[in-house]
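Take a look at the structure below.
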Amino acid sequence: MSKRFRDILLRIGLYAVVILICVWVIAPFAWLVISSISTRIQLTSVPLDWFPDQPNFDHYRRVFFGGQGATSMHRNLNGAAVNTLIVAGMSTLISLVAGSMAAYAFTRLRFRLKGSLLVTILITQLLPTVSIIIPMYRIMLTLDLLDTIWGLVLANVTIILPMIIWILRGYFAGLPEGLEEAARIDGCTRIGTIVRIMLPLSAPGLAASGMFAFIVAWNEFFTAFILSSTMNSKTLSVVISEFSSKVGIDYVAMATAGVLASIPPVVLAIVFQRYIVQGLTAGAVKG
């Protein structure tokens, strides 16, 4: 077998694997979109209608405009979307600020128990959320933060912060220390060096960390389900789950809510994809 023929077979195999992975990733979301514009009869018919002859946008109309057929769950989606945006945005902002400072300290400063603290942070990433939900609930109850936006924000920061520290630590480790030393010689303080030198140079790493933090906070269900009980703090993931408990199993409504809930993370990932790739690559290689 000639080398050229082997290269052709290898390229064909590579393309086949890439296509299979793309189908594996895209197919569930494509079916979610199709389900959201179908009817319940079409989704339960045998044989299955893979694409409706007449798209049904009734649930989208009920979410945005209300009207006939709209239920309390359709109306609650708007409030839940606002809650989710606030919780995800605040969680991401707090995690980035605290995580960048902690990552810089672990990268540049020398202090006792540095290695032990890093291992402890890594261990917290290995713990499932269910193992800490009871003490977290007790803490929120003591602080009177149950069923509040700030309670969910603090819970999300607890989950997100270790990931932010590890990603940014790998990125900071790849930046030359000479830039900081030059800034310190010019009279810049430690905080000024971080703000004026380190953070601007770490923009791709911050973008990657922020995207992952936002996605985790946006999709978080378990803590939001346990810590929220009214529309004062319920997020989209919790409200979507209630379509199968209060109004029966409404597959079309759940699919519609799922499509709407997936739009912000998808848009952000598309807009910042270049920075995400740069940040993850730099953190992985240089760290």
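The values are calculated or read from the model by the stated rules, or taken from the named source; none is laboratory data. This is a predicted model, so every value here is computed, not measured. Because the Cβ atoms are built from the backbone with ideal geometry, glycine has one as well, and the counts that use them run over all protein chains shown. Areas reflect the complete protein model, heavy atoms only, side chains present, ligands, DNA and RNA absent. Shrake-Rupley method; radii C 1.70, N 1.55, O 1.52, S 1.80 Å.
Some notes on this structure:
- Accessible surface of residue 3 - all protein chains present, 1.4 Å probe, nearest 10 Å²: 130
- For the range 3-56, a crude dipole built from +1 on the beta carbon of Lys and Arg and -1 on the beta carbon of Asp and Glu, taken about the Cα centre, is about 480 debye to the nearest 20.
- Computed label-point distance, nm, for sites residue 173 and residue 150 using a 7 Å Cα→Cβ extension: 3.7
- Selected from 125, 141, 31, residue furthest toward positive end of dipole (the range 1-154; charges at beta carbon): 125
- Residue 150 accessible area, assembled protein chains, probe 1.4 Å, Å²: 130
- Among 75-81, 236-242, the order from most to least packed when residues are scored by Cβ within 10 Å on average: 236-242, 75-81
- Placing unit charges on the Cβ atoms of the charged side chains and taking the dipole of the range 158-208 about its Cα centre, the candidate lying farthest along the positive direction among 187, 198, 165 is 165.
- Helical contribution to [θ] at 222 nm, DSSP H n ≥ 4, -39,500 (n - 2.57), averaged over the chain, rounded to 500: -23500 deg cm²/dmol
- Extending 7 Å from Cα along the Cβ direction at residue 182 and again at residue 14 yields two label points whose distance is 3.9 nm.
- Helix 273-286 and the longest principal axis of the Cα set of the chain meet at an angle near 40°.
- Computed magnitude of the charge dipole of the chain (debye, nearest 20; Cβ of K, R +1, Cβ of D, E -1): 820
- Percent of C-alpha pairs per 5 Å bin in the chain, short distances first: 1, 5, 9, 12, 13, 13, 12, 11, 9, 7, 5, 3, 2, 1, 0, 0.
- Toward the positive end of the charge dipole of the range 75-286, with +1 on the Cβ of Lys and Arg and -1 on the Cβ of Asp and Glu, the farthest Cα among 105, 78, 239 is that of 105.
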